[in-house]
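Report on one structure; see the data block that follows.
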Amino acid sequence: MFFILSKILDILLSPTIWIIAPLIIAFWLKNVKQIKKAILCSIFLLLLVTNGAICNFFLQAWEIDPTDIAKGKSYTWGVLLTGGMIKYTDTHPERIATGEAVDRMIQTFHLYQQGAIKKILITGGETSIPHMMIDKSNESINVKRLLIKMGVPSHDIFVENKARNTYENALYSSRMLKNYIKNDTVVVITSAMHLRRSILCFEKQGFKVRPYSADILKKETPGGFLSYFKPSEKSSQINFQLIREVVGIVVYKIQGYI
């Protein structure tokens, strides 16, 4: 039930809904001044959530800076959280189409290749909800397939395919790695934006966490003059993800997940 409610909450948190809502309200209003205010509110929200400079400001405040693992330092386990690394693959079953978050997998491969991690646990299951949401990416298995094609031995890749959210990622990973929790530090690999909630969830399950950022979205170089005025659909999407993470931490705290 919590998983279903969280997906419904996602809809309410969408900046698109915030922009449309005042327009819908304006449609039912009769007072001209109130209609103008509702329309102006919609325009203001549109300009706010699509502004790249404002979006980058919040990204810089939220995303955890990437820190490389020192040469010669090695951990037994790297835990890779799924979520957007693989697209729907049924049309061409032999071709694995990667998604926007594929950098998580690339960084995991890089860590394994340099010897920073010895084994990889891919955690994340199907997120479908009957009659509401369909997920046929089979992400964990397909990420494993890609890593094997890239040269990682299959005996060093483990899959946990029950988890549907970050709390379950940590919970089911702790069950698989229960013999390592007390003595070993695990490298948790996920997007820089999602890392704060991931750390809290894994620590709650007793893990010693060495975070490793991927999918870094913030820009360190200063933007040009136009970046302060040019609308960006991508910024709206990123702002949605930021809102989800902040609200997600609050909800997880209430639920006792962190």
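Matching residues to (1) within 24 Å of ALA61 (Cα to Cα); (2) assigned to a loop (DSSP other than H, G, I, E, B):
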position	(1), (2)
ILE141	no, no
TYR167	yes, no
ASN179	no, yes
ARG197	yes, no
CYS201	yes, no
SER213	yes, no
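Restricted to the stretch 230-245, and to residues that are surrounded by fewer than 15 Cβ atoms within 10 Å (Cβ to Cβ) and either outside any helix (DSSP H, G or I) or aliphatic (A, V, I, L, M) (or both), which residue is modelled with the lowest pLDDT?
By that ranking, first place goes to LYS230.
Only one of these conditions is not met by LYS208: (1) under 23 Å from LYS73 (Cα atoms); (2) buried (at least 18 other Cβ atoms within 10 Å of the Cβ); (3) touching a strand residue (DSSP E or B) at 6+ places or on another chain (Cβ under 6 Å). Which number is it?
Every listed condition holds for LYS208 apart from (2).
Of all residues in the stretch 148-169, which are among the aromatic types (Phe, Trp, Tyr) and under 21 Å from HIS110 (Cα atoms)?
PHE158
Residue by residue through the stretch 41-78, note down the ones that are crowded, with 19+ Cβ neighbours inside 10 Å and part of a loop (DSSP other than H, G, I, E, B).
THR50, GLU63
Just one of the numbered conditions (1) closer than 24 Å to GLU126 by Cβ; (2) in the same structural domain as ILE17 (by TED's automatic domain parsing); (3) out of contact with any helix residue (DSSP H, G or I) (no Cβ under 7 Å at 6 or more places or on another chain) is not true of ARG244; which one?
(3)
Which numbered condition trips up THR91, out of (1) more than 30 Å from ASP68 (Cα to Cα); (2) modelled with pLDDT of 95 or more?
With respect to (1) more than 30 Å from ASP68 (Cα to Cα); (2) modelled with pLDDT of 95 or more, THR91 is out only on (2).
The values are calculated or read from the model by the stated rules, or taken from the named source; none is laboratory data. Computed from a predicted structure; not experimentally measured. Note that each Cβ is placed from the backbone with ideal geometry, even for glycine, and that neighbours are counted across all protein chains shown.
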